[in-house]
Amino acid sequence: MPIPVWPWHRESARPFCVRGFALKFRFRLRTGSKRARLHWALVSGALAAAGLAVFHANGRTPDRQANTESPPQGGLRSFEILPLETVSETSSNASIGDLNGDGHPDIVLVKGRHWQLTSKLFFGDGKGHFTPGPPLPSKATKSYSASLADMTKSGHLDMVLSNDAPDPKLVLLNDGKGNFSIGGTYGDPQWPTRNAAVGDLNGDGFPDIAVANRGTTSFVCFNDGKLHFDCRPLEDSPSAATVAIADMNGDGANDVIYACRDSCQSVVYFNDGKGNFIRRVAWGPPKSSTRAMAVADFDGDGHPDIAACHEQVGCFVYLNDGKGNFGSGIPFQAPGALPYSMIAADLNRDGRPEILVGYVDAPGVVFFNDGTGKKFLPVRFGDGKGSIYGMAAGDLDGDGWPDVVVARSDAACFVMFNRPAKK
């Protein structure tokens, strides 16, 4: 039986994966232990610029920056870039998890967006080598994300595909060896779905789905454990391209973090523990357009915060006071290249996650956290070709350091292996 995704629900041992919030729990395990490294690789999927990239202290981003300081306590890292494939397609995202039960993290490379393509599996050997996995039964779809979670308590990581209209939104069941079959569908095939996040929203132990739909209402879909889904609208959710699930106020119930895609207000929907979202708290500008968002504890106070890039406004960290209240935001990048994706990952293992942002026709940027969640050192990576549509972080070569899978549209996708800083 494969080791399940490490749960981030503090009171629970239920295995499921939520993009962007697994970092908080990594440090509960012994640093450097085999189990810690494996859990880190599994939970970082979420989950998203080729060329030889080295992170130097004197690196510069293409845009002017705010709140940039000297290197953080954990120091900088360099990266060895290896292409994951040679073709340049409309890849949209990546996820990481042990799919075939061998104890090593594997990769799901998601493809499609507005065009029907076939997503791909890559099985890892734990040493940074990958071989193609079996074809997915979903065949060619307009996929944007592939969240990994044990949807039926089988002990295996299943796959939740968020597909654009008119393709059905699919749940693929894993036999434990990385062979997937179509287990069910959720929502309406006509939804213009962009991304989906997975987590238990009603306390029954089964992962549910929060669905981000662009230009129309977003939904939460409750899983009965047999892959039958009861989908309910999120009130006042006019347009979204990304969504996350995390316990934002420490009450033990997972909340929904909604980022507005098209000139509207982003909000956190607070959960009463039974899947009712009565209280809403705004965050970010009142009329903003946001694709890139990540949720993680950036200042180390034990409460998940929000990082987001708003088009033509800039990138900000919204620190959580522990009760689910957010300030006006701390800027870490001024407006510049168009931001498309974001993840959080502790690349230098100092206990504070970095922020990785992907752009359109510009190099990606790692913002190294100084530990306060308020000041960041920006260092770019990649050749600036194509659009970095999605990323995932996890230890792919077994050295205890998180690596990064970069999914690009109109340019080849690649893996960045985390290495000591170049001198």
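Hey, does the stretch 235-245 have a residue that's more than 20 Å from Phe376 (Cβ to Cβ), of a type outside the set (Gly, Ala, Ser), open to solvent by 10 Å² or more (accessible area, probe 1.4 Å) and in contact with an Asp or Glu (Cβ under 9 Å, 6 or more places away or on another chain)?
yes
For the stretch 82-117, enumerate the residues that are within 16 Å of Lys142 (Cα to Cα), part of a strand (DSSP E or B) and not hydroxyl-bearing (Ser, Thr, Tyr).
Asn93, Ala94, Val108, Leu109, Val110, Lys111, Gly112, Leu117
Restricting attention to the stretch 207-227, report how many residues are crowded, with 24+ Cβ neighbours inside 10 Å and β-branched (Val, Ile, Thr).
Going through the stretch 207-227 one residue at a time, the tally reaches 3.
Looking only at the stretch 302-329, count how many residues are on the phi < 0 side of the Ramachandran plot, open to solvent by less than 10 Å² (accessible area, probe 1.4 Å) and in a loop (DSSP other than H, G, I, E, B).
So the first thing to find is which residues in the stretch 302-329 are on the phi < 0 side of the Ramachandran plot, and the list is 303-311, 313, 315-321, 323, 325-328.
Within this subset, residues satisfying the condition of being open to solvent by less than 10 Å² (accessible area, probe 1.4 Å) are 304-310, 315, 317-318, 320.
Still in the list and also in a loop (DSSP other than H, G, I, E, B): 304.
Qualifying residue count for the region: 1.
With the condition kept exactly as written, say whether any residue in the stretch 360-381 is under 23 Å from Lys142 (Cα atoms) and open to solvent by less than 10 Å² (accessible area, probe 1.4 Å).
Of all residues in the stretch 360-381, those under 23 Å from Lys142 (Cα atoms) come to 360-361.
Those left that are additionally open to solvent by less than 10 Å² (accessible area, probe 1.4 Å): none.
No, every residue in the stretch 360-381 fails to be under 23 Å from Lys142 (Cα atoms) and open to solvent by less than 10 Å² (accessible area, probe 1.4 Å).
The values are calculated or read from the model by the stated rules, or taken from the named source; none is laboratory data. None of the values given here were measured: they were computed from a predicted structure. Ideal geometry is used to build each Cβ from the backbone, glycine not excepted, and the neighbour counts take in all protein chains shown. Side chains are part of the model used for accessible areas, which takes the heavy atoms of the whole protein and leaves out ligands, DNA and RNA. Shrake-Rupley method; radii C 1.70, N 1.55, O 1.52, S 1.80 Å.
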